[in-house]
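Down below is the structure, laid out as structure tokens.
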Amino acid sequence: MWRVIRDRQAGAKFRRQQPIEGYVVDFVSFEARLVIELDGGQHADPDEHEKRRTRCLEANGFTILRFWNTEVFENVEGVFDRIAAAVRDRAAAPSPSHKGRGEEEAMP
């Protein structure tokens with residue numbers, strides 16, 4: 001997945017394994033406020049921890065895209081298209097005024 005979204009290929013800069021509010025996300029674009037999670041079978045039935053994590057990320061203005069690992073392996077082009085579309089959609093949406101922990105402030 002990293003090979004597909006790095007270097008702004010999806011229209012935004014992404015980071016891997018980034019901590020946000022005490023949770024580590026697989027991939028995040030702070031500029032698009034977009035989190036990408038790759039899930040294996042352990043996430044088929046989200047537990048309370050996963051639900052709190054999702055609520056926390058969404059409360060910080062992030063949209064979360066989840067993909068099954070098999071989907072990435074079997075249809076990486078389709079996954080990329082959905083990510084790029086989400087980046088475009090997020091760019092068109094008004095941005096929230098707050099920043100989550102772990103996000104760097106831009107220098108003036």
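Some notes on this structure:
- If you go through region 51-89 and keep only what is out of contact with any helix residue (DSSP H, G or I) (no Cβ under 7 Å at 6 or more places or on another chain) and within 15 Å of TYR23 (Cα to Cα), you end up with LYS51, ARG52, ARG53, THR54, ARG55, CYS56, LEU57, GLU58, ALA59, ASN60, GLY61, PHE62.
- Selection status of ALA32, under 12 Å from the mean Cα position of the chain (by Cα) and either assigned to a loop (DSSP other than H, G, I, E, B) or modelled with pLDDT under 95 (or both): yes
- Checked against the criteria, LEU38 counts as touching a strand residue (DSSP E or B) at 6+ places or on another chain (Cβ under 6 Å) and at pLDDT below 95.
The values are calculated or read from the model by the stated rules, or taken from the named source; none is laboratory data. Please read all numbers here as calculations on a predicted model, not as lab measurements. Cβ sites come from the backbone with ideal geometry, for glycine too, and all protein chains shown count toward neighbours.
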